[in-house]
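Student: The structure follows.
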Amino acid sequence: MVKKNLHSLFIALLLIISLASIFIALLIGSRTLAVDEIFKNFLQPQQSTQALIIQLRMERALAAFSTGGLLALAGALMQVLVRNPLADPYILGISGGASVAALLAILLGLPLISLTATAFVGALTAMLLVFILSRGLGNRHWNPTRLLLTGVVLAAGWGAVISFILTFSPNNKLHSMLFWLMGDLSYNHSPASSFIILFVALIAALFLARSLNVLIRGEQFAQTLGVSTQNLQWKLLLLASLCTAAAVTQAGSIGFIGLIVPHLIRLTGIHDHRILLPASVLCGGSLLTLADTLSRSMFSPIQIPVGIVTALIGIPVFLFLLQRSEAHR
Amino acid sequence: MASLVTKNLKLQIAQRTLCESLSFEICTGQTWAILGKNGAGKTTLLHSLAGLNKQQLDNNKASAITINGQAIQDINRQQLAQQLGMLLQDFQDVFPATVLDTALIGRHPHLKAWQWPDNKDIDFVKHLLKQMGLAGYEQRDITSLSGGERRRLGLVTLLGQQTEILLLDEPVNHLDIAHQHQLLKYITAEEFKQEHAVAMVLHDINLAKQYCDHVLFIYDDGITQAGTAEDMLNAENLTEVYGYPISKITTDNKTVFTTN
């Protein structure tokens with residue numbers, strides 16, 4: 001019972017952090033707002049420059065939050081699926097497919113609106129390719145090692161195509177291409193659809209969560225404890241891929257959130273996926289919201305891609321975790 | 001009274017026949033030893049009995065495995081996990097976890113989707129940890145355990161599952177001689193036997209002789225032979241099973257099998 005109360009407290013704390021991160025995102029920018037300006041605007045919406053700034057920042061903060069949540073959820077699911085702590089949402093090459101599609105859209109000069117749709121089609125194509133190839137021809141049995149190898153090889157293939165496109169792109173397009181590749185939230189300002197996907201995916205994942213506690217300890221072991229692993233693994237692959245596709249479509253390939261957030265939560269001693277998954281979503285969302293605020297205010301008026309900030313935070317944190325886990329053995 | 005029955009069971013792996021037509025029955029109160037050379041198919045057989053490779057049964061329609069009178073394919077996994085538990089040959093611990101949480105995983109088949117283990121579950125599992133000499137290890141990380149400690153924790157997880165049928169793949173692997181005997185004594189004690197049917201793969205013939213009342217031999221060519229330990233365990237049979245000369249020595253009312 002004590003443990004259960006602690007869990008509720010932990011989730012409550014993360015909810016507060018999440019709201020705080022969004023609030024901070026509203027305050028900070030090329031023009032710093034005061035706290036009371038924001039409260040006033042919420043109480044009495046008005047037509048002013050402040051109101052416009054708040055609306056723009058709110059949309060961007062929500063886009064960052066949902067993308068971070070999607071990435072963290074996809075990472076946590078992917079780590080169970082391939083039973084590898086180094087797995088992240090991009091390991092199966094889904095972001096590669098999205099990137100190729102997005103770069104082609106930029107190269108052909110398609111309007112910004114269609115970039116999202118194009119990237120999503122690219123992500124789905126990459127997803128289908130992994131599904132089909134990892135299963136093999138006439139091979140009904142499916143295993144995580146094969147999936148991982150197939151995904152890693154396909155990701156390398158997408159990487160080559162990306163370099164190819166970059167090589168043949170005119171200079172004036174290279175800038176926006178690089179921004180997209182490094183992960184950038186300045187394109188998309190309609191977070192509603194990704195929030196819906198995040199919400200549905202989290203609910204669906206919570207129904208699998210208890211079985212994930214067993215699956216993470218080994219496929220056969222999970223079977224002896226009554227888990228239908230083949231079935232579960234397919235659902236996991238589908239969920240993780242969809243989350244990745246939605247996140248990449250919204251903001252390009254933002255690194256490290258999907259890799260480190262589940263580990264951060266585990267470090268607090270939480271291993272039960274019924275808590276770990278929602279906690280990862282909240283933590284990933286807050287982290288990316290804060291990172292995005294940094295990325296647009298650090299060198300203001302110049303905005304740097306948020307992927308640079310997450311990498312700069314992510315690399316030391318991850319190395320620290322690695323050292324720590326080795327010291328424990 | 002639980003029972004695990006096989007009828008004309010045929011098992012194949014990569015074109016090789018591991019057992020041609022195995023029919024035998026494991027009941028509550030019995031302790032079976034499964035003996036055979038490396039690669040004879042002991043583990044594969046145990047996996048099949050545990051329902052881990054149902055495909056084999058789909059491929060051979062004449063074969064049947066029944067658990068408590070029900071065909072194994074017709075039992076859903078969770079129900080099966082409440083009746084039959086298995087100790088696997090090794091563990092794949094990649095992610096960190098405490099000893100207590102690992103022991104509590106055994107309660108999985110008995111809990112509902114949103115249920116957490118309650119104090120009763122925790123006390124029960126702590127009692128088992130104590131029985132297996134792991135008291136005080138509750139908060140240790142499993143990746144810091146020795147091979148033998150991890151093995152005993154595996155057995156705690158299995159016993160926490162509270163199944164009447166237990167299948168053990170080399171349960172004494174990695175254990176020192178004292179722990180080997182403590183573990184086998186625990187699962188062959190009279191009050192434990194009254195409520196469990198046990199089958200285990202062993203490599204030590206003398207342990208099999210000391211603790212098991214029934215024996216299943218698996219020979220190289222897919223031939224199997226089942227019977228009571230008394231009838232089956234003799235130098236002649238063992239020499240044939242292992243393809244290596246084994247003889248019997250009797251001293252001070254003790255019978256020991258040894259190599260020449």
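The values are calculated or read from the model by the stated rules, or taken from the named source; none is laboratory data. Since we're looking at a predicted model, the values are computed, not measured. Positions of Cβ are backbone-derived with ideal geometry, glycine not excepted, and every protein chain shown enters the neighbour counts. Please note that ligands, DNA and RNA were not included when accessible areas were found on the heavy atoms of the full protein model with its side chains. Shrake-Rupley method; radii C 1.70, N 1.55, O 1.52, S 1.80 Å.
Student: Could you pull out the residue among A:Leu185, A:Leu202, A:Leu212 that is under 30 Å from B:Thr157 (Cα atoms), out of contact with any Cys (no Cβ under 8 Å at 6 or more places or on another chain), away from chain B (no Cβ under 14 Å) and of a type outside the set (S, T, N, Q)? Write out each step before concluding.
Tutor: On the way: A:Leu185 fails: under 30 Å from B:Thr157 (Cα atoms); A:Leu212 fails: away from chain B (no Cβ under 14 Å).
Matching residue, one of A:Leu185, A:Leu202, A:Leu212: A:Leu202.
Student: Next up: Select from region A:1-29 the residues that are farther than 22 Å from A:Ser66 by Cα and open to solvent by less than 100 Å² (accessible area, probe 1.4 Å) and write down the one among them that is nearest to the other protein chains (Cβ to nearest Cβ).
Tutor: Checked region A:1-29; the qualifying residue nearest to the other protein chains (Cβ to nearest Cβ) is A:Lys4.
Student: Next up: What is the number of the single condition among (1) without any contact (Cβ under 8 Å) to a residue 12 or more places away in the chain; (2) at the interface with chain A (Cβ under 8 Å from one of its Cβ atoms) that B:Met86 does not meet?
Tutor: (1)
Student: Return the residue satisfying two criteria in turn: it lies in region A:215-241 and is of a type in the set (A, V, I, L, M, F, W, C), closer than 30 Å to A:Thr118 by Cβ and surrounded by fewer than 21 Cβ atoms within 10 Å (Cβ to Cβ), and of such residues it is farthest from the other protein chains (Cβ to nearest Cβ).
Tutor: Filtering region A:215-241 for residues that are of a type in the set (A, V, I, L, M, F, W, C), closer than 30 Å to A:Thr118 by Cβ and surrounded by fewer than 21 Cβ atoms within 10 Å (Cβ to Cβ), the one farthest from the other protein chains (Cβ to nearest Cβ) comes out as A:Leu238.
Student: Can you name the number of the only condition in (1) open to solvent by 10 Å² or more (accessible area, probe 1.4 Å); (2) within 14 Å of another protein chain (Cβ to nearest Cβ); (3) in contact (Cβ under 8 Å) with a residue 12 or more places away in the chain that A:Phe256 fails?
Tutor: (2)
Student: Against the definition (more than 14 Å from chain A (Cβ to nearest Cβ), of a type outside the set (A, V, I, L, M, F, W, C), free of Cβ contacts under 8 Å to residues at least 60 places away in the same chain and not in a loop (DSSP other than H, G, I, E, B)), how does B:Gln12 come out, yes or no? Step through it out loud before you land on a result.
Tutor: Values: more than 14 Å from chain A (Cβ to nearest Cβ): yes; of a type outside the set (A, V, I, L, M, F, W, C): yes; free of Cβ contacts under 8 Å to residues at least 60 places away in the same chain: yes; not in a loop (DSSP other than H, G, I, E, B): yes.
Yes; evaluated as a whole, the condition is true for this residue.
Student: Hey, any hits in region B:141-155 for a residue that's more than 14 Å from every other protein chain (Cβ to nearest Cβ), in contact with a Ser or Thr (Cβ under 8 Å, 6 or more places away or on another chain) and open to solvent by 30 Å² or more (accessible area, probe 1.4 Å)?
Tutor: For region B:141-155, residues more than 14 Å from every other protein chain (Cβ to nearest Cβ), in contact with a Ser or Thr (Cβ under 8 Å, 6 or more places away or on another chain) and open to solvent by 30 Å² or more (accessible area, probe 1.4 Å): absent.
Student: With respect to A:Leu282, is the statement that it is open to solvent by 30 Å² or more (accessible area, probe 1.4 Å) and either more than 21 Å from A:Pro191 (Cβ to Cβ) or assigned to a helix (DSSP H, G or I) (or both) true?
Tutor: No, not satisfied.
Student: Condition first: out of contact with any Phe, Trp or Tyr (no Cβ under 7 Å at 6 or more places or on another chain) and either surrounded by 17 or more Cβ atoms within 10 Å (Cβ to Cβ) or not in a strand (DSSP E or B) (or both). Now tell me which residues in region B:241-260 satisfy that.
Tutor: B:Tyr242, B:Gly243, B:Tyr244, B:Pro245, B:Asp252, B:Asn253, B:Phe257, B:Asn260
Student: Of everything in region A:153-183 that's outside any helix (DSSP H, G or I) and touching a helix residue (DSSP H, G or I) at 6+ places or on another chain (Cβ under 7 Å), which residue is farthest from A:Leu288 (Cα to Cα)?
Tutor: For region A:153-183, the residue satisfying everything is A:Ser169.
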